[in-house]
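The values are calculated or read from the model by the stated rules, or taken from the named source; none is laboratory data. If you're wondering where the values come from, they're calculated on a predicted model, not measured in any experiment. Because the Cβ atoms are built from the backbone with ideal geometry, glycine has one as well, and the counts that use them run over all protein chains shown. We work out accessible area using only protein heavy atoms, side chains counted, and drop any ligands, DNA or RNA first. Shrake-Rupley method; radii C 1.70, N 1.55, O 1.52, S 1.80 Å.
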Amino acid sequence: MAENFDQTIFFSLWTFSVNSTLFFTWLVMGLLVLFAWISTRRLSSDFVVSKFQTVVELLVMIVRGQIYEVSQDNPKKYMSLVGTMFLFIFTCNILTFIPWFDPPTGSLSTTAAFAFCIFVGVPVYSIRNAGFKKYIRKFVKPVPFMLPLNIVSDFSSVFSLAVRLYGNIFSGVMIGMVLMTMVPFIIPVSMQLLGLLTGAIQAYIFSLLAVVYLSAVGPEEQYVPAPDPLY
């Protein structure tokens, strides 16, 4: 495995070259689409549902509950974007136990793309929640000359997500490779198990921080969840 996944050419088709990051991104996307199709093809609204549907609904409830706890806002607003990112990052991280798998999250281009989506989403969600004036007003608090500093602060805090995720995943992969060379059996297995745990934690932290940034400017009225547990 090369030190830079973006420079590893997985295959070439005529003049078009597909690097490792792009190939495994497509692979993970395909797995998630397949999982989504399997999860939704036999959904039932009856009182008796399959065990698989019960597990999926439980996961959705947990994710929505976490989003609500952080944002104190309607979780449906953030579920599609943040939930998709969580599933992608989590899937990439848990697949690192496969020897030939180069996690796309170990590439700075992938994590920077995620951070860019959050960076664009912050003003979109803020303006939709509270309006343009309230969103702009936060940049001139506590005094107007803080405007450039507040802009830089927003920019740097969002893109620090990319560097943090990239550093953790890439370093974990490289440490696993070194240990695999030195002690090819026991230690790598334990490191892979630890990597699965840290990978899940990283996906969770990234998603929660994304919700924090997206919901920083909330609506005037406090959101009250509906009685339905899936609200």
- Message: If I filter the range 66-85 for residues that are open to solvent by less than 50 Å² (accessible area, probe 1.4 Å), over 21 Å from Ala210 (Cβ atoms) and of a type in the set (Val, Ile, Thr), do I get at least one hit?
- Response: no
- Failed criterion for Pro142 (all others in (1) in a helix (DSSP H, G or I); (2) modelled with pLDDT under 75 hold): (1)
- Within the range 115-159, considering residues that are polar (S, T, N, Q) and open to solvent by 40 Å² or more (accessible area, probe 1.4 Å), the one nearest to the chain's Cα centre (by Cα): Ser156
- Item | Residues of the range 22-64 satisfying the condition of being loosely packed, with under 14 Cβ neighbours inside 10 Å and basic (Lys, Arg) | Arg41, Arg42, Lys51
- Message: without any contact (Cβ under 8 Å) to a residue 40 or more places away in the chain and not β-branched (Val, Ile, Thr): is that true of Ser20 in this structure?
- Response: no
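Residue by residue, here is whether (1) over 16 Å from the mean Cα position of the chain (by Cα); (2) among the charged types (D, E, K, R); (3) outside any helix (DSSP H, G or I); (4) within 25 Å of Asn150 (Cα to Cα) holds:
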| residue | (1), (2), (3), (4) |
| --- | --- |
| Leu34 | yes, no, no, no |
| Leu43 | yes, no, yes, no |
| Val56 | yes, no, no, no |
| Arg64 | no, yes, no, no |
| Val70 | no, no, no, yes |
| Tyr78 | no, no, no, yes |
| Leu95 | no, no, no, no |
| Phe101 | yes, no, yes, no |
| Thr111 | no, no, no, yes |
- Message: Cβ-Cβ distance below 9 Å, separation of 6 or more or different chains: which pairs start in the range 150-164 with a residue that is more than 22 Å from Val140 (Cα to Cα) and polar (S, T, N, Q) and end on one that is assigned to a helix (DSSP H, G or I) and open to solvent by 90 Å² or more (accessible area, probe 1.4 Å)?
- Response: none
